[in-house]
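Nothing in this text is a laboratory measurement; each read-out follows from the coordinates by a stated rule. Just so it is clear, the structure is predicted and the values come from calculations on it, not from any experiment. Note: ideal-geometry Cβ built from the backbone for every residue, glycine included; neighbour counts use all protein chains shown.
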Amino acid sequence: MANLIKNIRDLFLKFVIWRKYTIGNNFHAGRGVFLWAKNTITIGDNFYVGKYSIIECDAQIGDNVIMANHVSLIGRYDHHYQQLGTPIRLASQIRDKDYNWKGLDQKIVVEDDVWIGLGAIVLGGVKIQTGSIIAAGSVVTKDVDSYSIYGGNPAKKISNRFDSEEQLREHIILTQKKYWK
């Protein structure tokens with residue numbers, strides 16, 4: 001019964017609440033998840049987003065991606081903080097129809113097979129390449145290499161995801177056969 005309720009809730013979010021976005025199959029959003037984009041959010045298949053996470057920017061997310069609880073994908077320039085003669089709180093913001101400052105062309109790209117850990121923050125314009133892991137609590141300000149583990153504030157490469165090139169090649173072959181036909 002609990003699974004049925006969860007599935008109905010996910011379908012309601014996908015087809016009613018977030019219908020203006022493109023969301024693939026086998027989607028799950030935990031409690032308190034919030035999505036908003038100036039233009040578009042595109043999410044692939046087998047996407048899981050944990051409780052109280054937010055995507056509040058244009059984003060393109062691949063297949064088989066996990067976002068843990070309290071993860072934030074956010075824009076860098078959501079408020080025109082250089083608007084002369086106007087306090088930041090009252091300045092134009094990206095949600096305004098006539099907003100014409102920085103950030104309009106930025107989106108976050110999260111490629112396939114990515115895991116973003118608890119409480120991580122990813123800033124607008126960043127690309128997280130295939131197979132990467134973002135450590136819990138990290139702040140990602142720059143692009144992330146494929147099949148790498150990044151962590152810290154600002155996030156930096158900690159290590160490769162696999163111990164050897166041979167393991168990486170085998171992983172790619174096996175996942176392409178099974179998940180990306």
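Being over 25 Å from residue 30 (Cα atoms), more than 11 Å from the chain's Cα centre (by Cα), among the basic types (Lys, Arg) and assigned to a strand (DSSP E or B): is that true of residue 142 here?
Numbers: over 25 Å from residue 30 (Cα atoms): yes; more than 11 Å from the chain's Cα centre (by Cα): yes; among the basic types (Lys, Arg): yes; assigned to a strand (DSSP E or B): no.
So residue 142 fails the test.
Quick check on the range 85-105. Is at least one of its residues surrounded by 19 or more Cβ atoms within 10 Å (Cβ to Cβ), part of a loop (DSSP other than H, G, I, E, B) and either of a type in the set (Gly, Ala, Ser) or out of contact with any strand residue (DSSP E or B) (no Cβ under 8 Å at 6 or more places or on another chain) (or both)? Quick ask: steps written out before the conclusion?
Of all residues in the range 85-105, those surrounded by 19 or more Cβ atoms within 10 Å (Cβ to Cβ) come to 94, 103.
Filter once more, so that each one left must be part of a loop (DSSP other than H, G, I, E, B): 94, 103.
Subsequent filtering for residues that are either of a type in the set (Gly, Ala, Ser) or out of contact with any strand residue (DSSP E or B) (no Cβ under 8 Å at 6 or more places or on another chain) (or both) retains 103.
For the range 85-105, residues surrounded by 19 or more Cβ atoms within 10 Å (Cβ to Cβ), part of a loop (DSSP other than H, G, I, E, B) and either of a type in the set (Gly, Ala, Ser) or out of contact with any strand residue (DSSP E or B) (no Cβ under 8 Å at 6 or more places or on another chain) (or both): present.
Can you spot a residue in the range 12-27 that is farther than 17 Å from residue 116 by Cβ, among the polar types (S, T, N, Q) and in a strand (DSSP E or B)?
yes
Test residue 31 against the criterion of being of a type in the set (D, E, K, R) and in contact with a Lys or Arg (Cβ under 6 Å, 6 or more places away or on another chain), and give yes or no. Write out each step before concluding.
Values: of a type in the set (D, E, K, R): yes; in contact with a Lys or Arg (Cβ under 6 Å, 6 or more places away or on another chain): yes.
Yes: the conditions hold for residue 31.
Among the residues of the range 148-181, which ones are surrounded by 12 or more Cβ atoms within 10 Å (Cβ to Cβ) and either of a type in the set (Ser, Thr, Tyr) or in contact with an Asp or Glu (Cβ under 8 Å, 6 or more places away or on another chain) (or both)?
Hits for the range 148-181 are 148, 150, 157, 175, 179, 180.
Among residues belonging to the range 22-36 that are crowded, with 20+ Cβ neighbours inside 10 Å and of a type outside the set (Val, Ile, Thr), point out the one that is nearest to residue 95 (Cα to Cα).
35
Check residue 59 against each of (1) crowded, with 16+ Cβ neighbours inside 10 Å; (2) among the small types (Gly, Ala, Ser); (3) touching a Phe, Trp or Tyr at 6+ places or on another chain (Cβ under 8 Å) and name the one condition it does not meet.
The failed condition is (3).
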